[in-house]
Amino acid sequence: MTTPSTAPSTGDVPVVTLDPTGADHMGEAARLRAAGPVVRVVLPGGLHAWALTTHALVGELVRHERVSKDWRDWTAVKTGELTDDNPIIGMIKVTNMVTANGAEHHRLRRPVTRTFTSRRVQALGPGIEATAAELLDALPAHADASGVVDLRAHLSVPLPMRVICELLGVPDDQQARLRHLVDTIFRTDTTPEQVTAVQEDIPRFLGELIALRTREPGDDLTSALVADPSGLSGEELAGTLWVLLTAGHETTIGLITNAVRALLTHPAQLAAVLDGTDDDWARVVEEVLRWDPPIGNFLARYPLEDLEFAGVTIPAGDAIMAPYTAVARDPEQHGPDAHLFDISREPRAKHLAFGDGPHVCLGPHLARLETRIALKALFARHPRLELAAELAAALDGTATPLADAPVDLAALGPRLDADPSEGVHVV
């Protein structure tokens, strides 16, 4: 680390404006890396933040004792620059274990680690397999006239949604409401009116869930947390449930979708997995987490004092973003072929898809389990799965290598023969 007197000024640091639609997230990640290890980024709504674009720097950031997770430490909050109608407000102004520091963070996290155990997750395995089979049974009915199915809408979303709702005791008739709330929070094109409406409905939803599981406890995580003797307040319990509900399925949606895309754009590797063992599916999941992590950019952390990273001073109170897609292909961490998807890769070091340090993700075992089951079941039924024709043509027509081209994830889907008399097969 250099001294503040020798560090570059803010004006010397490259500025990258983030695309709120994420239309070319791989290209954007490459531009961030090319801009340097420390970059200024423009967020939706015009706010500025910093991004650290190497694996080593992000690892240092997430373990740094003088960096806060509390949004109240962001200068933009104190000055009023972050307004309540900003589209990212729902990702910032939350009060739960994710935005707590030190002993308070450990206190809020402890009840979850006691109840959200690996044993509880492994017990979900048969149910996940049954849900995946049910969704795959219904897949042909969702095909359009040309036989294209939106795989994200009909597998990647409903599978983890059903699993997390079962785990937390959310009634079936509330799942669509929950998905609407979460989707609106994570979108960056919401209107001020939508932001306000969702921010008002989230506490109502959580309050109703807590009240239900207090009256009618079951074998679910919400009931266990309600009964936990640690004594979380009502607000703390609601905040904890919101973390589990959102992170518990939103990440897995991206992981399943990214994994299918990676395999379909690397047919030789898919063929090897289909001829392999269950361990190979686990390797697929790990390489997807490394190569195309489900969370691309994660806000935010706030230095409690001026700190230097790679010779650049970041002032106290500024927001720092962890661009996980950018650091996933850091050649210093993963070698000169870091940009390539390779399930035979022997990892030189761990990836950061689930974070690191005190705030490392609580549920990676669930995300990995769901994704392995979904991929194995999908390709067992449709080993000749292919990208929709228009999507494949768009990929082939770019100057970018096929695996790195921008992709409309909503268009990802198998081309199926929808005629039930012919049976279901992939052309």
- Task: For the chain, count the residues as N, evaluate 2.2 N^0.38 Å, and divide the Cα radius of gyration by that value, please.
- Result: 0.99
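Suppose the chain between ALA145 and LYS93 were pulled fully straight at 0.36 nm per residue; how much longer would it get relative to their current alpha carbon spacing? Before the final figure, lay out each step's value.
Details: separation 52, 0.36 × 52 = 18.72 nm, distance 4.38 nm.
Fully extending the segment from ALA145 to LYS93 adds 14.3 nm.
With an 8 Å cut-off on Cα pairs and a minimum separation of 6 or more residues, tell me the relative contact order of the stretch 1-138 in percent.
Working: 89 pairs, mean separation 19.2, N = 138.
This gives 14 percent for the stretch 1-138.
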- Task: Describe numerically, in nm with one decimal, the distance between label points set 7 Å from Cα along Cα→Cβ at ASP280 and at ASP189.
- Result: 3.9
- Item | Simple Cβ-charge dipole of the chain, Lys/Arg +1 and Asp/Glu -1, about Cα centre, in debye nearest 20 | 1020
- Message: If I model a spin label as a point 7 Å beyond the Cα along the Cα-Cβ vector, how far apart are those points for SER118 and ALA56 in nm?
- Response: 3.2
- When only C-alpha pairs under 8 Å and at least 6 residues apart count, what is the relative contact order of the stretch 191-277, in percent? 20
- Message: Multiplying the sequence separation of GLU216 and ASP201 by 0.36 nm and subtracting their Cα-Cα distance, what value in nm do you get?
- Response: 3.2 nm
- Item | Helical contribution to [θ] at 222 nm, DSSP H n ≥ 4, -39,500 (n - 2.57), averaged over the chain, rounded to 500 | -14500 deg cm²/dmol
- Message: If each residue of separation counts as 0.36 nm, what is the full-extension length gain between ASP306 and ALA272 once their alpha-carbon separation is subtracted?
- Response: 7.2 nm
- Between the stretch 331-364 and the stretch 163-178, what is the C-alpha centre distance in whole Å? 31
- Item | Farthest toward positive dipole pole in the chain [+1 Lys/Arg, -1 Asp/Glu at C-beta], among HIS105, LEU221, THR184 | HIS105
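Set the Förster distance to 22 Å, then compute FRET efficiency between LYS350 and HIS64 from the Cβ-Cβ distance, nearest 0.05. Don't skip to the answer; put the middle values down first.
Values: r = 18 Å, r/R0 = 0.83.
With a Förster radius of 22 Å, E is 0.75.
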- Note on the structure: Along principal axes, largest first, the alpha-carbon spread of the stretch 299-358 in whole Å comes out as 43, 24, 16
- Options LEU136, LEU61, GLY169, ranked by Cα towards positive dipole end of the chain, top entry (Cβ charges): LEU61
- Query: Which ³J(HN,Hα) values, rounded to whole Hz and listed in residue order, are derived for the stretch 237-252 from phi using the Karplus coefficients 6.51, -1.76 and 1.60 in 6.51 cos²θ - 1.76 cosθ + 1.60 with θ = phi - 60°, glycine and proline given as x?
  - Reply: 5, 4, x, 5, 5, 5, 4, 5, 5, 6, 5, x, 9, 4, 5, 5
- Would you mind computing, in nm to one decimal, how far apart the modelled labels at GLU332 and THR17 are, each placed 7 Å from Cα along Cα→Cβ? 2.9
- Message: Checking the cross-link filter: which lysines have an alpha carbon closer than 26 Å to that of LYS69, excluding same-chain neighbours under 8 positions apart?
- Response: LYS78, LYS93, LYS350
- Message: Could you tell me which residue out of PHE309, ALA282, VAL327 lies farthest along the dipole of the stretch 275-352 toward its positive end? Charges go on the beta carbon: Lys and Arg +1, Asp and Glu -1, centred on the Cα centre.
- Response: PHE309
- Item | DSSP-defined antiparallel bridges as percent of all bridges, the chain, nearest 5 | 75
- In the stretch 20-99, trypsin sites (Lys or Arg not before Pro) in a DSSP loop with at most 10 other beta-carbon atoms within 10 Å: ARG66
- Item | Scaled radius of gyration (Cα, divided by 2.2 N^0.38 Å) that the stretch 278-391 gives | 1.31
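So how strong a dipole does the stretch 85-222 carry about its Cα centre when Lys and Arg Cβ are +1 and Asp and Glu Cβ are -1, to the nearest 20 debye? Mind showing how you got there, number by number?
Numbers: 15 positive and 19 negative charges, 171 e Å.
Once rounded to the nearest 20, the dipole reads 820 debye.
Values quoted throughout were computed directly from the atomic coordinates according to the rules given, and no laboratory measurement underlies them. Because the structure is a prediction, the values reported are computed rather than measured. Glycine gets a Cβ as well: all are built from the backbone with ideal geometry, and neighbour counts include every protein chain shown.
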